[in-house]
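Contents: one structure, followed by commentary.
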Amino acid sequence: MEKQVTLIDKKFSLYLNEEIILRRIKELANVLQKDYADKELVLLCILNGSFMFAADLAKDFNGLVELSFVKVSSYEGTESKGKVDELIGLSSDMKHKHVVIVEDIVDTGLTMDKIIFLLQQKFPESIEICSLLFKSDAFLGKFKPKYIGFDIPNKFVVGYGLDYNEKGRNLRDIYELIPE
Ligand code: 5GP
């Protein structure tokens, strides 16, 4: 039987297993390594959702890299609200640095638009986006991720850092919501 989990009041079925996720992350790390050889790279990890992705991406990255963590909250339940708070913990020392934003998922892209707007005010040398998941059908944003793990359909997913009302972040695999 298909692997399933229940989180609070919702059921989810397996969508991407850990092995597939980790294999793809290794590929992304290799591409970043090549693209940023000889450049001062900062991986700017967006908490809370990207914590697992950022950790595995950084472990697969062979070379000098800075890791920085910021927090933004924009989501409650299973529907994006497009409401974005300020970035908490953004370092002011971004000049001459090449920033790759590490995000768990880009859905409408509105959160990312706001993150980039705030980051631009710190004048980094360059900004790109690396998102493990990208819902291309839902995307309305100005900045499409250059580095994408998986382009997924417009479904609600949890696990591997992604939550449903703060639950499920610790799951090793990614699960999709089973409609009621
Ligand atoms: P956007 O502004 O791109 O619509 O949404 C960005 C944020 O919404 C993501 O960083 C993530 O926190 C949340 N989000 C969007 N889609 C999903 C999803 O399928 N599952 C979960 N758990 N969060 C999502």
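The values are calculated or read from the model by the stated rules, or taken from the named source; none is laboratory data. Computed from a predicted structure; not experimentally measured. In this analysis, Cβ positions are derived from the backbone assuming ideal geometry, glycine residues included, and neighbour counts consider all displayed protein chains.
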>> Checking A58 against (1) closer than 16 Å to N170 by Cβ; (2) part of a helix (DSSP H, G or I); (3) of a type in the set (G, A, S): exactly one of these is not met. Which one?
In response: (1)
>> Show the residue pairs meeting these rules: Cβ distance below 8 Å; 6+ apart or different chains; first residue within the range 50-67 and at negative phi; second residue among the basic types (K, R).
In response: F51/R169; M52/R169; D60/K26; E66/K97
> So which pairs qualify, if the first residue must be in the range 30-49 and under 17 Å from G149 (Cα atoms), the second must be charged (D, E, K, R), the Cβ gap must be under 6 Å, and the two must be at least 6 apart or on different chains?
Replying inline: I46/E103; G49/D104
> In the set L90, L119, which member is more than 13 Å from the ligand (Cβ to nearest atom), at pLDDT 90 or above and over 16 Å from L28 (Cβ atoms)?
Replying inline: L119
> What are the residues in the range 99-116 that are of a type in the set (D, E, K, R) and either more than 7 Å from the ligand (Cβ to nearest atom) or surrounded by fewer than 17 Cβ atoms within 10 Å (Cβ to Cβ) (or both), if any?
Replying inline: D113, K114
>> Taking the conditions exactly as written (among the β-branched types (V, I, T) and modelled with pLDDT under 95), does V42 satisfy them or not?
In response: no
>> Given the criterion surrounded by fewer than 18 Cβ atoms within 10 Å (Cβ to Cβ) and either under 14 Å from the mean Cα position of the chain (by Cα) or within 9 Å of the ligand (Cβ to nearest atom) (or both), identify the matching residue among L133, L140.
In response: L140
>> I'd like the full set of residues that are within 16 Å of the ligand (Cβ to nearest atom) and either surrounded by fewer than 21 Cβ atoms within 10 Å (Cβ to Cβ) or part of a helix (DSSP H, G or I) (or both), limited to the range 22-48.
In response: L47, N48
> Checking T108 against (1) polar (S, T, N, Q); (2) within 14 Å of E66 (Cβ to Cβ); (3) in contact with a helix residue (DSSP H, G or I) (Cβ under 6 Å, 6 or more places away or on another chain), which single condition isn't satisfied?
Replying inline: (2)
>> Any residue that is surrounded by fewer than 18 Cβ atoms within 10 Å (Cβ to Cβ), away from the ligand (no atom under 14 Å from the Cβ) and free of Cβ contacts under 8 Å to residues at least 12 places away in the same chain - is there at least one of those in the range 156-166?
In response: no
